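These notes are about the structure you will find just below.
The values are calculated or read from the model by the stated rules, or taken from the named source; none is laboratory data. The structure displayed is predicted, hence computed values, not measured ones. For accessibility, only protein heavy atoms count, side chains too; no ligands or nucleic acids. Shrake-Rupley method; radii C 1.70, N 1.55, O 1.52, S 1.80 Å.
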Amino acid sequence: MADVLDRPVAAPVTRLHAFLNAHLPTVSIAVVLLAVVTLFSFTAETFLSWDNALNVLRQTSPALIVAVAMTFVVATAGIDLSVGSVMALSGVLLAVLVSHGVEPGLALVTVVAAGAAIGIVNGWCSCYQRIPSFIVTLATLGIIRGIALRATNGYSIALSDDGWVGFLGHGRVAGIPVQALIAGVVTVAGWVAFHMTPFGRYVVALGSQRESLRRAGVNVRLVGALVFVLAGSAAALAGTLVALRLDSGSANQGVGFELTVITAVVLGGTSLFGGRGSVTGTVLAVLTLGLIENGLSLAHVNPFYVQIVQGAILLGAVVINAKLFGQIFLQRS
């Protein structure tokens, strides 16, 4: 009789415990996000204004697009350090094509296709030639940045803001920046692909059970290569959005951008060992980093401290990630 009476009380507690175990990284970053909002709401007068919220959404849109794609890469136990350079080259290429009279729509498609092609190179070297992705993408980081600098000689190339191209850079729909809406569409598509499709399950399994996945008949090398194509395409799209927002393409765009993206992915709960990831956590982490940068700026803190704070957050996230997921990995093996 006592056992029967205890069940209704114990069951919710058990479900809550199971939920926290399964989603602890996401819950943690949500708590951090709430703490950041609370802190800066008292230290910066305009932090909680609607205009500032829209500004943060627009500023974080490129990072959000690339971080969602990077979640796929890191979940396979890979990494892509070239996304910042791809972003810079994409902005430069778009500006060059449009300035030479290429129709903006065709130029945009060409730029995203070029980003996908870079992703194919990264994926082929990493997955078919078995070269560590860290080495491959570190090399392409330098190559692509060098090409962008050589093409522009270090100068920015002006980009016209006429027509729908300008609308992509500065337009709004119902008061919401178009770039934030594009990032929202990419995020929803990424969430569905990662959590609701067989491809997403293959990506997660590739990071933790590669041999079992291969024996099940899945082309593991193709799955591994496709995530780099996603990252390259996303970086190219992000590069075009930044160039359209700034009305120019510059080879100096995106320096250190890869660190911001990787920080967000790791903070969001995706394991550097692969086999686990969360698009929701990545989104919350991107917003957290964006709000920290925005809040420090509104509080008139020296901008150099932003890099220090971001570096400290990355170091802390990597240490926690290694401790937490390393123990889980050892328990499974």
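Given H placed on each backbone N at 1.01 Å, which residues far from SER248 in sequence or on other chains put an amide H within less than 5 Å of it?
HN-HN under 5 Å from SER248: LEU159.
Just checking my list (1) 31.8; (2) 20.8; (3) 22.8 against mean projected area of the Cα convex hull in nm² computed from this structure; which label fits?
(2)
Taking 0.36 nm per residue of sequence separation and subtracting the Cα-Cα distance, how much length would be gained by fully extending the chain between PHE42 and VAL102, in nm to one decimal? Write down the numbers at each step before the final one.
On the way: separation 60, 0.36 × 60 = 21.60 nm, distance 4.93 nm.
Full extension from PHE42 to VAL102 adds 16.7 nm.
In what order, largest first, do ASP80, ASP247 sit by accessible area if the probe radius is 1.4 Å?
Details: ASP80 0, ASP247 50 Å².
Highest to lowest solvent-accessible surface, that is ASP247, ASP80.
Taking only Cα atoms, what is the 0 to 90° angle, nearest 10, from helix 279-298's long axis to the longest principal axis of the chain?
In the chain, helix 279-298 runs at an angle near 60 degrees to the longest axis.
Quick check on the chain: helices-only [θ] at 222 nm, where DSSP H runs of length 4 and up contribute -39,500 (n - 2.57) each and the sum goes over total residues. Nearest 500, please. Intermediate values should be presented prior to the final figure.
Values: 13 runs with 256 residues, N = 333.
Dividing the helical sum by the residues of the chain leaves -26500 deg cm²/dmol.
What list of ³J(HN,Hα) values in whole Hz, one per residue of the range 262-270 in order, does the Karplus curve 6.51 cos²θ - 1.76 cosθ + 1.60 (θ = phi - 60°) give from phi, with Gly and Pro shown as x?
5, 4, 5, 5, 5, 4, x, x, 7
State the percentage of accessible surface on the range 122-185 attributable to carbon and sulfur atoms; use a 1.4 Å probe and exclude ligands, DNA and RNA.
After summing per-atom areas, the C and S share lands at 68 percent.
Using only Cα atoms and rounding to the nearest 10 degrees, what angle (0 to 90) does helix 50-75 make with the longest principal axis of the chain?
70
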